[in-house]
1. Only sites in a loop by DSSP and with at most 14 other Cβ atoms within 10 Å count here; which trypsin sites (Lys or Arg not before Pro) in the stretch 336-378 make the cut?
2. Within 10 Å of each candidate Cβ there may be at most 16 other Cβ atoms; applying that plus a DSSP loop requirement, which chymotrypsin sites (Phe, Trp or Tyr not before Pro) in the stretch 20-72 survive?
3. Taking only C-alpha pairs under 8 Å that are 6+ residues apart, what is the relative contact order of the chain in percent?
4. What does the helix-only formula give at 222 nm for the chain: each DSSP H stretch with n ≥ 4 adding -39500 (n - 2.57), the total divided by the residues, and the result rounded to the nearest 500 deg cm²/dmol?
5. Got the relative contact order for the stretch 218-261 handy, in percent, Cα pairs under 8 Å and 6 or more residues apart?
6. Excluding residues on the same chain fewer than 8 positions from Lys198, give the lysines whose Cα lies under 27 Å from its Cα.
7. Using the Kirkwood radius built from alpha carbon pairs, what does the Stokes-Einstein equation give as D for the stretch 143-280 at 20 °C and 1.002 mPa s, in µm² per second?
8. Within 10 Å of each candidate Cβ there may be at most 12 other Cβ atoms; applying that plus a DSSP loop requirement, which trypsin sites (Lys or Arg not before Pro) in the stretch 176-226 survive?
Amino acid sequence: MGQSTYYFDHAATTPMRQVAIDTWVENAGALNPGGNYASGRASASVLDQAREKIAELMGADPVEVIFTASGTEADNIAVQGLFAASASNRIVTSSIEHSAVRDTVGYLRDKHGAEVAEMPVTGEGHIHDLSALDEPAAVAAVMLANNETGAIQPAEEIIARAQATETPVHIDAVQAIGRVPINFHALGATTLASSAHKYGGPRGIGFLLARRSPAPAPILFGGGQERGIRPGTADVASAAAMAAALEAALGEAHEENGRLRELRNQLRDRIVDLVPDVRVNTYEPALPGHLNLCFPGAEGDSLLMLLDNASFAASTGSACSSGVNRASRILLAMGVPEHDARGTLRFSLGRTTKQEDVDALVAVLPEIVHKARAAGMA
Ligand code: PLP
């Protein structure tokens with residue numbers, strides 16, 4: 001397996017923590033937690049413990065924890081399910097949602113006649129003008145922190161405003177969990193999505209926190225597990241590993257956030273000093289490990305390829321399709337000109353990032369940007 005020596009893509013996924021690997025291995029033999037026999041009950045007890053630990057860490061009740069197969073699935077269940085459970089056909093969202101929310105909302109608009117109101121963002125990437133929330137809706141679906149820029153969104157204000165019209169709020173907290181302290185009951189959200197692989201748990205497992213009422217109507221049908229909201233035999237080993245990873249992530253969050261913010265700010269300042277004409281797209285309040293930058297005149301894909309050749313893993317932050325380098329719709333929503341947005345890189349720092357990684361990146365980046373700019377734009 002090819003390995004990048006310098007990993008700056010923690011926002012996409014972060015390596016599994018040892019405690020998560022150990023917990024997974026310990027429970028890999030768990031059988032069906034729905035089985036009415038000793039080994040089934042033993043499995044159910046591991047699943048219950050994971051549920052209780054997650055509930056305690058997130059300020060929720062155990063019954064509100066619904067295990068899912070990913071953050072994407074948690075977002076789909078919440079947005080589609082709350083829409084289906086409501087008599088309203090209105091949805092409020094923002095212009096910078098992850099495609100797990102954005103494409104779900106688009107599907108409900110195109111196939112189910114949903115009327116969609118989008119809240120805009122400032123040039124710094126924070127949702128503003130919350131007036132769309134003053135009319136009741138089936139659901140308001142917004143992220144707690146943006147995956148490309150790291151910008152932390154005004155979730156509390158959004159929830160307070162939505163509560164005035166009794167609009168249920170779904171919070172996509174996939175990027176924020178383990179970085180931003182969250183207490184589900186104090187926050188007042190109706191549902192909240194999480195994904196284990198963002199904080200050192202396994203890929204392919206997540207959870208949805210869902211209040212008893214209003215609860216999302218099922219969009220998947222089957223054996224009735226997880227309150228019927230997410231039927232299917234649970235992955236006990238992954239659920240236990242996710243709970244262990246969450247506990248470890250929250251335990252070190254305060255210290256880690258400070259360390260990462262310092263490293264990230266240093267990286268930003270050194271790049272801005274050394275590379276001409278850099279546009280910074282990450283503004284406070286923001287997650288501590290995100291740094292989104294535009295290098296106008298360079299193509300994001302060329303930058304990535306040159307970085308990859310030098311053993312650095314980063315991301316453009318935007319999806320590329322059929323080899324066409326597209327400008328990020330998040331940056332466009334922030335008002336970044338398309339020409340600049342096409343030369344975007346997202347560096348995301350995490351648990352394994354050290355000063356040496358930052359020094360190594362700063363040493364190669366000026367030359368890489370110079371080369372990509374000389375190659376020009378397609
Ligand atoms: N929502 C946000 C904000 C994300 O950043 C991601 C993953 O990048 C997801 C949802 C989807 O999570 P998963 O990869 O577990 O499906």
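1. Here the trypsin sites (Lys or Arg not before Pro) that fit, given the DSSP loop and packing criteria, are Lys354.
2. Tyr37
3. Relative contact order here is 23 percent.
4. -13000 deg cm²/dmol
5. Result for the stretch 218-261 is 20 percent.
6. The qualifying lysines are Lys53, Lys354.
7. Taking Rh from Cα pairs, D becomes 124 µm²/s.
8. Sparse-neighbourhood loop trypsin sites (Lys or Arg not before Pro): Arg212.
None of the figures in this text is laboratory data; all of them are computed from the coordinates on show. Because the structure is predicted, anything quoted here is derived from the model rather than measured. Note that each Cβ is placed from the backbone with ideal geometry, even for glycine, and that neighbours are counted across all protein chains shown.
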